[in-house]
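A short worksheet on the structure shown next.
The values are calculated or read from the model by the stated rules, or taken from the named source; none is laboratory data. None of the values given here were measured: they were computed from a predicted structure. Cβ placement follows ideal geometry from the backbone for every residue including glycine, while neighbour counts extend to all protein chains displayed.
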Amino acid sequence: MDSSSMVSSAQSTYTTGVEEICEGVSSKSYFFMPGASVGELLRRRDDNALEDFGAFQAGWDDMPLDGYMADGGRYRRRRHATLSAPRGSNLYQVEAHQPHYQTVDYNNLNGGIARHYEPIQDSVLSGPTMSSLLTLGGDLFGRLAPYSAWHIEAHQFRIEVSGTGADAREVAKPTPEGIHRDGVTFVMMLMAKRSNTVNGESTIYNLEKNPIEKFTLDEPLDMAIVNDERVFHGVSPIEQLDGNVPAVRDVLVITYRHKP
């Protein structure tokens, strides 16, 4: 097989993988894919898709605390970026840095105010891993909603906890607002890394808030996608495996909202 045929074959299998995810999201309103399969899918489109993955993971280090936690929590660190994409395209562009906003209808803990977070570092935002994930998002959601342009927001979250018993810092909640929707169209959640961590189980709920599926983003690149208009989701608090070592859960969340 010559090089052009190999490229064509890889592109074909990439397209097949994208279609499988779309079918899952369309039929169930959510989809979970293990990290090994996500990595394979990204490399089908581009052999170098994950060449900076170590640096991508390191992009969660030294993040500032989330200063907008209405529960007073100091267990969450966060960075944020805003992007956009035209309809029918997997191309995207980075927009001027701006605050994140949710109404209290969607976030009854921290909603109702403009939250100004430090931007995602350029080296992470423009690197091949993030680019590949955003391109995948364009391919997925462009198929699921082909006539929509997109307002896109990327969020780096670090949830951390240290100490045990009376020395425990606090309960470390990946979704402190509880069972919720984000007020967008689609949500892509991807595990960057986790260490010394137990729990953090994700649960998907129907619109009556009855649980319909449970899974854990455990390994790097484990990915979940939800149709935010059709299901709720939530994640249980994390705990330390070894009480002498901090527990850390680093997740990338990318949201896509219909843009007029």
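Structure data summary
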{"quantity": "Single residue of the stretch 230-244 satisfying the filter (more than 17 Å from the chain's Cα centre (by Cα) and without any contact (Cβ under 8 Å) to a residue 60 or more places away in the chain) that is surrounded by the fewest Cβ atoms within 10 Å (Cβ to Cβ)", "calculated": "N244"}
{"quantity": "Residue list for the stretch 96-118, restricted to those being assigned to a loop (DSSP other than H, G, I, E, B), under 13 Å from E153 (Cβ atoms), touching a Gly at 6+ places or on another chain (Cβ under 9 Å) and without any contact (Cβ under 8 Å) to a residue 60 or more places away in the chain", "calculated": "Y101, Y117"}
{"quantity": "Candidate set: the stretch 37-74, residues that are aromatic (F, W, Y) and modelled with pLDDT of 95 or more; chosen: the one surrounded by the fewest Cβ atoms within 10 Å (Cβ to Cβ)", "calculated": "F53"}
{"quantity": "Yes/no for D105 being of a type in the set (D, E, K, R) and within 20 Å of K173 (Cα to Cα)", "calculated": "yes"}
{"quantity": "Selected residue [surrounded by fewer than 16 Cβ atoms within 10 Å (Cβ to Cβ) and of a type in the set (S, T, N, Q)] from N196, N227, N206", "calculated": "N206"}
{"quantity": "Residues located in the stretch 52-94, provided they are of a type in the set (D, E) and either within 16 Å of E118 (Cβ to Cβ) or not in a loop (DSSP other than H, G, I, E, B) (or both)", "calculated": "D61, D62, D66"}
{"quantity": "Candidate set: the stretch 209-224, residues that are in a loop (DSSP other than H, G, I, E, B) and out of contact with any Lys or Arg (no Cβ under 9 Å at 6 or more places or on another chain); chosen: the one surrounded by the fewest Cβ atoms within 10 Å (Cβ to Cβ)", "calculated": "N210"}
{"quantity": "Residue within the stretch 183-196 that is assigned to a strand (DSSP E or B) and among the β-branched types (V, I, T) present", "calculated": "yes"}
{"quantity": "The stretch 23-49 residues that are part of a helix (DSSP H, G or I), paired with ones that are modelled with pLDDT of 95 or more and among the charged types (D, E, K, R) (beta carbon under 6 Å, 6 or more apart)", "calculated": "G35/E219; G35/D222"}
{"quantity": "Residue within the stretch 114-126 that is touching a strand residue (DSSP E or B) at 6+ places or on another chain (Cβ under 6 Å), surrounded by fewer than 18 Cβ atoms within 10 Å (Cβ to Cβ) and among the polar types (S, T, N, Q) present", "calculated": "no"}
{"quantity": "Flag for L207 being over 18 Å from the mean Cα position of the chain (by Cα), modelled with pLDDT of 95 or more and not polar (S, T, N, Q)", "calculated": "yes"}
